[in-house]
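What follows is a single structure, written as structure tokens, with notes after it.
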Amino acid sequence: MSEAKPKKKRRVLKIVILLVVVLGVIGQFVDTDEDGSRSTASTTATESTLEQANEAYDNDEYERATELYGEVINRSTRDGVVWYRYAYAKQQAHDETDLDAYLRAWQLLRSQDPDHAYFAYAKQRVMDNIRSYRVEVRQDVIVQLESIQFSDFLGGGFMNLQADPGTTFVLYIVSMENDSDNVIGLMTAPVPQLHDYDGNQQREDFEARVFATSTLEGIATGALNPGVRSRFFKIYKVSQDRLAQGGWSLRFADGTELPIN
């Protein structure tokens, strides 16, 4: 009798542990919101809404398509086609260009289906409006592309710099609004960086930068104090063949990317 009680206790403990494990496994297959049916119902509702949105879009019912695609997007869809159709339908229905939606479509389709026609359309929309993007690269610091130039030489008149054979200069100027409480130094200014189609960050050309600094007007050469807006630039010398392949982009400090060709 004195040994039976410990065995019984161990047996009960094993049963409790087993129940905990079983319940834990079952919990992985059950929606934690309620009873499991909520997740299935939500998925079914999204699919139904998407079907209705596609039907409205195909019938040129852009007002209804905008509303329905908006519902799907609000459920955190990562479908680039949906984002493009939403942006296009919205533009047709309200004569309003939703740049963020086109940008999102381009970003998603770039990894999902870069051969899709919508990818090229979304990319072109973004590029056509690239100077309209205001990117908050960090709190209270807004960067906006002012101009971009592809050229075999810089300057003109008595002062010019010729690119090496087979290369070209990529020069872009951005405006920066410093509404933060911190001073932004010239070397730490969050100017977007140039990346090629493989995602490789390019290295600025020092000689070209020195030349451009002496020829460009209104370019910041010192610190940017709080409450001040100024202009910064980047300049690169890149392969013409690689540039011609397209897919290059500007990457901002917050991770935002904008296509340039």
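The values are calculated or read from the model by the stated rules, or taken from the named source; none is laboratory data. Since the structure is predicted, the reported quantities are computational estimates derived from the model, not experimental observations. Glycine gets a Cβ as well: all are built from the backbone with ideal geometry, and neighbour counts include every protein chain shown.
With the requirement that a residue be outside any loop (DSSP other than H, G, I, E, B) and either touching a Phe, Trp or Tyr at 6+ places or on another chain (Cβ under 9 Å) or free of Cβ contacts under 8 Å to residues at least 12 places away in the same chain (or both), what does segment 215-246 give you? Give the steps one after another, and end with the answer.
Filtering segment 215-246 for residues outside any loop (DSSP other than H, G, I, E, B) gives 215, 224, 228-244.
224, 233, 234, 235, 236, 237, 238, 242, 243, 244 - these are the residues of segment 215-246 that are outside any loop (DSSP other than H, G, I, E, B) and either touching a Phe, Trp or Tyr at 6+ places or on another chain (Cβ under 9 Å) or free of Cβ contacts under 8 Å to residues at least 12 places away in the same chain (or both).
Collect the residues in segment 174-211 that are hydrophobic (A, V, I, L, M, F, W, C) and in contact (Cβ under 8 Å) with a residue 12 or more places away in the chain, keeping them in residue-number order.
Answer for segment 174-211, where residues must be hydrophobic (A, V, I, L, M, F, W, C) and in contact (Cβ under 8 Å) with a residue 12 or more places away in the chain: 174, 176, 183, 184, 186, 189, 191, 194, 208, 211.
How many residues are of a type in the set (A, V, I, L, M), buried (at least 20 other Cβ atoms within 10 Å of the Cβ) and under 15 Å from residue 136 (Cα atoms) if we restrict to segment 225-257?
1
Give the residue, chosen from 177, 207, that is outside the structural domain of residue 98 (by TED's automatic domain parsing), charged (D, E, K, R) and in a helix (DSSP H, G or I).
After ruling out the rest, the residue left standing is 207.
Pick out the one residue from 125, 110, 78, 85 that is of a type in the set (Lys, Arg) and closer than 17 Å to residue 251 by Cα.
110
Looking at residue 95, is it surrounded by fewer than 19 Cβ atoms within 10 Å (Cβ to Cβ), out of contact with any strand residue (DSSP E or B) (no Cβ under 9 Å at 6 or more places or on another chain) and at pLDDT 95 or above?
No: the conditions fail for residue 95.
Do we have residue 88 as over 30 Å from residue 234 (Cα atoms), buried (at least 16 other Cβ atoms within 10 Å of the Cβ) and not assigned by TED's automatic domain parsing to the domain that holds residue 188 here?
Considered against the rule, which asks whether it is over 30 Å from residue 234 (Cα atoms), buried (at least 16 other Cβ atoms within 10 Å of the Cβ) and not assigned by TED's automatic domain parsing to the domain that holds residue 188, residue 88 comes out as yes.
Do we have any residue at all in segment 148-162 that's of a type in the set (D, E, K, R), free of Cβ contacts under 8 Å to residues at least 60 places away in the same chain and at negative phi?
Looking for residues that are of a type in the set (D, E, K, R), free of Cβ contacts under 8 Å to residues at least 60 places away in the same chain and at negative phi, one finds at least one in segment 148-162, hence yes.
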